[in-house]
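What follows is a short report on a single structure.
The values are calculated or read from the model by the stated rules, or taken from the named source; none is laboratory data. Remember, predicted model here, so these are calculated numbers, not experimental data. Here the Cβ positions follow ideal geometry from the backbone for every residue, glycine too, while neighbour counts run over all protein chains shown. Accessible surface is based on the protein model in full, side chains and every heavy atom, while ligands, DNA and RNA are left aside. Shrake-Rupley method; radii C 1.70, N 1.55, O 1.52, S 1.80 Å.
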Amino acid sequence: QVQLVESGGGLVQPGGSLRLSCAASGIRFGVNTMGWYRQAPGKQRELVATITNIGTTTYAETVKGRFTISRDNAKNTVYLQMNSLEPVDTAVYYCNHHNLLGDSWGQGTQVTVSS
């Protein structure tokens, strides 16, 4: 059973930066993808960024050039560096782990971008 714990959310002004972290436990060796998704009030959960165990990344068009996903396999931790934050980035951000056995989710961390 994979368990994920997010941290790093909070309140930031437009144009500011935040770094989210997701610590994973129970990961087995093998092909897997970790990622960040977000859900704003009244909207569906959407993909933000993913990274495979060999470092291949994907990003939503809305965050390209502003967000960077990375992972430290030795620490079983994935990060999301968010720069140039905008009010539309306000959402609960969820960490995800995906492999052949299925998906695991963290509890989410709130990111609020407001002046």
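Worth pointing out:
- Selection within the stretch 93-111 - part of a loop (DSSP other than H, G, I, E, B) and touching an Asp or Glu at 6+ places or on another chain (Cβ under 8 Å): Gly106, Gln107, Gly108
- Within the stretch 88-109, restricting attention to residues that are farther than 16 Å from Ala49 by Cβ and hydroxyl-bearing (Ser, Thr, Tyr), the residue that is modelled with the highest pLDDT is Thr90.
- Entry remark, the stretch 27-52: residues being open to solvent by 30 Å² or more (accessible area, probe 1.4 Å) and within 15 Å of the chain's Cα centre (by Cα) number 7 in total.
- Candidate set: the stretch 88-113, residues that are of a type in the set (S, T, N, Q) and open to solvent by 60 Å² or more (accessible area, probe 1.4 Å); chosen: the one nearest to Arg28 (Cα to Cα): Gln107
- Verdict on Thr77 being more than 14 Å from Gly8 (Cβ to Cβ), among the β-branched types (Val, Ile, Thr) and in contact with a strand residue (DSSP E or B) (Cβ under 6 Å, 6 or more places away or on another chain): no
- Looking across the stretch 46-59, the residues that are at pLDDT below 95 and not β-branched (Val, Ile, Thr) come down to Asn53, Gly55.
The rows are residues; the columns are (1) among the small types (Gly, Ala, Ser); (2) in contact with a Leu (Cβ under 9 Å, 6 or more places away or on another chain); (3) without any contact (Cβ under 8 Å) to a residue 12 or more places away in the chain.
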| residue | (1), (2), (3) |
| --- | --- |
| Glu46 | no, no, no |
| Arg66 | no, yes, no |
| Val78 | no, yes, no |
| Gln81 | no, yes, no |
| Val111 | no, yes, no |
| Ser115 | yes, no, no |
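- Identity of the residue in the stretch 60-87, at pLDDT below 95 and assigned to a loop (DSSP other than H, G, I, E, B), that ends up most open to solvent (accessible area, probe 1.4 Å): Lys75
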